[in-house]
Amino acid sequence: MLSIHNSLSRQKEEFRPQEPGKVRMYVCGPTVYGPGHIGHARTYIAFDVIRRYLEFSGYAVTFVVNITDIHDDMIAQANKEGITIFQLAEKNIPLFFGDLDALGIRRADFSPRVTETIPEIIELVQLLVQKGFAYETEDGVYFSIDRFKEYGTLSRLVREKQVGGTRVQTDKYDKTNPMDFALWKKAKPEEPSWDSPWGAGRPGWHIECSAMSRKILGNQLDIHGGAADLMFPHHENEIAQSECALGIHPFVRYWMHTGFLNVDGEKMSKSLGNFITLPQLLKNTDARSFRFFIVLSHYRSPVDFTENSLENAKESLQRFDSLIESLQEVQQKGPSHAEMDGLLQKTRMAIKTALDDDFNFPKCWAELFEFSRKINSFIHAEQKMTETDAQKVLAFLKEINSVFGVFEFEVKKTDLETEVNELIAERGRLRAQKKFAQADAIRARLKEKGIELMDSPTGVKWKKIH
Ligand code: AMP
Ligand code: ZN
């Protein structure tokens, strides 16, 4: 039985999606005003593994991650670069996807963009106005949090302390409550805007997720995720909007929040100079090691990114790499050992227990480290590993990898191997055309490089001669 820690109840709950076997899952996406950063990677790697484990467990998952392509930060950056927000998005979206691909993060089934969801956003704001949960002011349309008793439940907001009296002047314009938030912002000169019943304007930030999740997944979500920073006000506001507009409760069955990533113990920020973008990360670090570093932590734990912790992850991953290599080299014939079947079954069960318990990644890896030690001793110390058993272990590691996506099973070809193989293929083509002199020239060229070719009934083989 799978249990998930629900941020709403602060407890682990048995996972029961609204429709058995199906999971509707939404995770707040990036604001694409610049390249992605390693904080994004922390959150999206964690949800990638969670999504993969749900699929591994037999669920049909529809996974949505939106793209925020209209936002104050987008407007400021586009102005700085002298381009439109659309050009800025066109530049950053492919970059972002490419970097996530490099980190082995599977793409979402749907990646809706805010600028392509404006009619659905307006419809939701209209519903809120009609039902009396929202009001229009001189500069926009606001959600009235006093109209929603449950406001603050997710983030345990102590309302008495936070909420002022009635009609307070907080900024230039009156709001009923200072914490009321904008659903629609009336256009300012030079800003991108869309027509609406309240004149030209653009959506507030929070309404986009209520509208996009509804458009693709329907009124109720099984899982809604994001990092812990979004719990308040973003997710609180999403609940208020969706539950009031749609008359649904709960809007989200399981709220999941990832722990924040810091760098050397501090919040990542451009001014501190510790801001690491994904292109920077991928230039300096092996993507697999970074992914491994992330999946070693519990998805809910904060992560501290340091040179040292990354190096440790890299070394641990190398130990798995050499284990896989050793397994692939086992040639000893002989039967399977009952002991091996027992170990595989026990480890498989332990991993399922760990992941079914709110996706406990560290517990799962503790089991796998222990397993790898036993397998290594089977291969090296006891010399008991047979090819049959090695293949069983490899199949098991491939199963694990369908969830974590960190191992590599194909031996990477070196440049030399690629070059020799290409020349052998070329020589084959020349021989087929009876151009023997040219074919022999290739053989001679390779010999000069210290490579000898041997024609055999199963194809051309080669070896290094010096
Ligand atoms: P943003 O681009 O800031 O709107 O964030 C997109 C997603 O990445 C959200 O789910 C955020 O909560 C998450 N995120 C942003 N910064 C970090 C960080 N430093 N650590 C973990 N997750 C983050
Ligand atoms: Zn969101």
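Figures for the structure shown
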item	result
Condition met for Ser111 (at pLDDT 95 or above, touching a strand residue (DSSP E or B) at 6+ places or on another chain (Cβ under 9 Å) and within 23 Å of Ala228 (Cβ to Cβ))	yes
Filter pass, Leu281 being at pLDDT 95 or above, away from ligand 2 (no atom under 15 Å from the Cβ) and in a helix (DSSP H, G or I)	yes
Residue list for segment 81-117, filter: closer than 27 Å to Leu183 by Cβ, in contact with a helix residue (DSSP H, G or I) (Cβ under 9 Å, 6 or more places away or on another chain) and among the aliphatic types (A, V, I, L, M)	Ile85, Leu88, Ala89, Ala108, Val114
Residue list for segment 121-152, filter: part of a strand (DSSP E or B) and among the aliphatic types (A, V, I, L, M)	Ala134, Val141
Candidate set from segment 1-60 (those that are among the charged types (D, E, K, R) and farther than 27 Å from Phe293 by Cα); member that is farthest from ligand 2 (Cβ to nearest atom)	Glu14
Pair list, Cβ under 7 Å, 6 or more apart: segment 100-119 residue closer than 28 Å to Ser193 by Cα and aliphatic (A, V, I, L, M), other residue at pLDDT 95 or above and assigned to a helix (DSSP H, G or I)	Val114/Glu208
Top-ranked residue of segment 191-210 - restricted to ones that are among the acidic types (Asp, Glu) and more than 29 Å from Ser301 (Cα to Cα), ranked as farthest from ligand 2 (Cβ to nearest atom)	Asp195
Cβ-Cβ under 8 Å pairs, at least 6 apart or on other chains, segment 23-43 side charged (D, E, K, R), far side outside any loop (DSSP other than H, G, I, E, B) and near ligand 1 (Cβ under 8 Å from one of its atoms)	Arg42/Ala227; Arg42/Thr258; Arg42/Leu261; Arg42/Val303
Those residues of segment 286-342 which are small (Gly, Ala, Ser) and within 21 Å of Glu266 (Cβ to Cβ), in sequence order	Ser297, Ser301, Ser309, Ala313
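The rows are residues; the columns are (1) within 11 Å of ligand 1 (Cβ to nearest atom); (2) farther than 15 Å from Thr258 by Cβ; (3) among the polar types (S, T, N, Q); (4) touching a residue at least 12 places away in the same chain (Cβ under 8 Å).
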| residue | (1), (2), (3), (4) |
| --- | --- |
| Gln18 | no, yes, yes, yes |
| Gly21 | no, yes, no, yes |
| Asp48 | no, no, no, yes |
| Leu54 | no, yes, no, yes |
| Val64 | no, yes, no, yes |
| Thr68 | yes, yes, yes, yes |
| Asp73 | yes, yes, no, yes |
| Thr84 | no, yes, yes, yes |
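Results for (1) in contact with a Lys or Arg (Cβ under 8 Å, 6 or more places away or on another chain); (2) farther than 30 Å from Phe293 by Cβ; (3) surrounded by 14 or more Cβ atoms within 10 Å (Cβ to Cβ); (4) at pLDDT 95 or above, shown as yes or no for each residue.
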site	(1), (2), (3), (4)
Asp99	no, no, yes, yes
Ile118	no, yes, yes, yes
Ile122	no, yes, yes, yes
Leu127	no, yes, yes, yes
Gly132	yes, yes, no, yes
Glu136	no, yes, yes, yes
Val158	no, yes, no, no
Asp180	no, yes, yes, yes
Trp184	yes, yes, yes, yes
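The values are calculated or read from the model by the stated rules, or taken from the named source; none is laboratory data. Because the structure is a prediction, the values reported are computed rather than measured. Heads up, the Cβs are rebuilt from the backbone with ideal geometry, glycines too, and the neighbour counts pull from every protein chain shown.
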